[in-house]
Each structure stands twice: as C-alpha cells, then as structure tokens.
Amino acid sequence: MSDLSLTILPETPGDAQPIERLHERTFGPGRYVLSAYRLREHVDHILDLSFTARIGTLLVGSVRQLPVCIGETPALLLGPLTVEPPFRGRGIARALLERALAEDKAKDVRLVILVGDEPYYSRVGFKKIPRGTATMPGPVDPARLLVRELADGAFDGVSGAIRPDWSAVTVSG
Ligand SMILES: CC(C)(COP(=O)(O)OP(=O)(O)OC[C@H]1O[C@@H](n2cnc3c(N)ncnc32)[C@H](O)[C@@H]1OP(=O)(O)O)[C@@H](O)C(=O)NCCC(=O)NCCS
C-alpha cells in the first residue's frame with residue numbers, strides 16, 4: 001500500500017450488510033447458483049477467521065471462510081474474496097489472504113480449499129486439487145478447485161465429497 005493506511009480486522013456481525021452489498025455489486029444475483037454458495041447456504045462462515053479490509057472507516061474488502069469436510073477430513077472453504085473496484089491492484093486482497101492463512105495456521109487449521117483462478121491464488125501457495133480427488137456439490141471447473149496445505153502433507157490421502165462440516169456449526173455462532 002502507498003500512503004493510505006489499511007486495517008485488516010476479524011469480521012463482526014455489523015459488517016454483514018456492507019459485505020452483502022459488496023458481494024451483490026461484485027457477483028450479482030447469479031452468485032447464489034455458484035457451487036460454493038450451495039455450501040454457504042448450509043453453514044455460516046466463521047467470524048474469527050473471516051476478515052475485512054478498511055481504509056479509515058470504509059470497508060473496501062472482505063474474505064470469508066467456512067468449515068467443510070473433504071470426505072472425513074476437516075478443512076476451511078475460503079471465499080468469497082472481494083475488493084471494491086476502485087481499490088483493486090493495491091495488494092488489499094493479498095493482505096486479506098495472508099492474514100486469513102496466518103490466523104488459520106495459528107488455530108491449527110491444516111487445509112484450506114477454494115474455487116478460483118490458480119494464477120492468482122498460486123501467489124499465496126494454493127495448488128490445483130488433482131482431478132477427481134475432491135468433488136464440490138454441483139458443477140465446478142476442476143482446474144479452479146484449489147488447496148493450500150498449512151501443515152506438511154496435510155492433503156496426503158485426502159479425498160471425497162466436499163460438504164459442510166456440521167460438527168463445526170456451533171463455532172460460527
Ligand atoms: C480478485 C480480487 C479479489 C483481487 O483484489 P486486489 O486487491 O486487486 O488484489 P491484489 O492487489 O492483492 O493483487 C492484484 C494482482 O493480482 C492480479 N490478478 C487479479 N485477479 C487475477 C486473476 N483472476 N488471475 C490472475 N491474476 C489476477 C492482478 O493483475 C494484480 O497483478 P500485479 O500485482 O502483477 O499487478 C479483486 O479483483 C476482486 O474482488 N475481483 C472480483 C471478485 C473475484 O473474482 N474474487 C475472487 C473469486 S472469489
């Protein structure tokens with residue numbers, strides 16, 4: 001960032017409306033049919049592991065994470081990641097991602113998955129999930145299904161359907 005001071009903070013309940021408006025502007029009404037949204041319908045994101053970016057008091061970006069299982073292995077699903085258009089290209093998304101992944105690791109999260117562009121997310125260590133290893137509910141381009149291991153070998157032997165982690169529902173409040 002240049003001279004503007006950027007703050008990354010855990011999401012609070014009061015952030016819900018501005019974030020919803022940001023998603024509406026970014027993804028439009030069609031967002032609800034996206035495969036990742038199907039998981040979000042069933043389990044809330046974890047506020048402590050979701051983050052907002054602010055310049056002054058203005059909310060300019062957001063990243064959320066929600067608990068899922070891949071087969072029987074717990075993981076987090078990261079997304080949506082969004083930055084207000086006028087504030088893009090200044091490293092805000094990267095700051096949100098780095099904060100989220102650092103907090104995940106501090107809380108002993110071992111795996112983070114997402115649906116997104118590998119050329120972008122590879123900058124923070126995400127890799128393609130081998131085709132057929134893990135399946136999202138609904139159609140997803142396999143080349144966009146990515147994983148970040150936060151512990152060595154955390155994805156070794158992991159496979160199966162990606163579904164909400166019901167056991168973690170109470171964590172999200
Ligand atoms: C993707 C997004 C979050 C990036 O936010 P940002 O704050 O501009 O990102 P950063 O400043 O950290 O990084 C910008 C860099 O990423 C690159 N980049 C952005 N989107 C990219 C993509 N889809 N693929 C490859 N590179 C991408 C930019 O070209 C820029 O490159 P540079 O650093 O070499 O100039 C933002 O563009 C956005 O909200 N897009 C719409 C929503 C979206 O697609 N979200 C991701 C899927 S959930």
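The values are calculated or read from the model by the stated rules, or taken from the named source; none is laboratory data. The structure displayed is predicted, hence computed values, not measured ones. With ideal geometry, Cβ positions are generated from the backbone for all residues, glycine too; neighbour counts draw on all protein chains shown. Accessible surface is based on the protein model in full, side chains and every heavy atom, while ligands, DNA and RNA are left aside. Shrake-Rupley method; radii C 1.70, N 1.55, O 1.52, S 1.80 Å.
Of note:
- Selection status of ARG64, more than 8 Å from the ligand (Cβ to nearest atom), under 16 Å from ASP15 (Cα atoms) and open to solvent by 10 Å² or more (accessible area, probe 1.4 Å): yes
- Subset of the range 118-162 (residues that are of a type in the set (S, T, N, Q) and touching a Leu at 6+ places or on another chain (Cβ under 9 Å)): SER122, THR133, THR135
- Qualifying residue in the range 111-130 (condition: open to solvent by 20 Å² or more (accessible area, probe 1.4 Å), part of a strand (DSSP E or B) and of a type in the set (D, E, K, R)): yes
- Test: GLY30 is more than 15 Å from the chain's Cα centre (by Cα), surrounded by fewer than 16 Cβ atoms within 10 Å (Cβ to Cβ) and more than 26 Å from ASP141 (Cβ to Cβ): no
- Any hit, the range 10-17, residues being more than 24 Å from LEU145 (Cα to Cα), at pLDDT 95 or above and within 14 Å of the chain's Cα centre (by Cα): yes
- Filtering ARG64, ARG90, ARG25, ARG94 for residues that are more than 19 Å from VAL124 (Cβ to Cβ) and basic (Lys, Arg) leaves a single hit, ARG25.
- Flag for ALA36 being in contact with a Cys (Cβ under 8 Å, 6 or more places away or on another chain), surrounded by 15 or more Cβ atoms within 10 Å (Cβ to Cβ) and among the hydrophobic types (A, V, I, L, M, F, W, C): no
- Flag if ARG144 is surrounded by 14 or more Cβ atoms within 10 Å (Cβ to Cβ) and of a type in the set (D, E, K, R): yes
- Residue check, GLU98 within 18 Å of VAL147 (Cα to Cα) and assigned to a helix (DSSP H, G or I): yes
- Within the option set GLY138, GLY132, GLY89, being at positive phi and at pLDDT 95 or above holds for one residue only, GLY89.
- Among the residues listed as LEU81, LEU66, LEU59, LEU49, the single one being in contact with a His (Cβ under 9 Å, 6 or more places away or on another chain) and within 18 Å of LEU97 (Cα to Cα): LEU66
- Residues within the range 43-61 that are buried (at least 17 other Cβ atoms within 10 Å of the Cβ), free of Cβ contacts under 8 Å to residues at least 60 places away in the same chain and in contact with an Asp or Glu (Cβ under 8 Å, 6 or more places away or on another chain), tallied: 6
- Any hit, the range 83-96, residues being in contact with a helix residue (DSSP H, G or I) (Cβ under 6 Å, 6 or more places away or on another chain), aliphatic (A, V, I, L, M), within 19 Å of ARG38 (Cβ to Cβ) and within 8 Å of the ligand (Cβ to nearest atom): no
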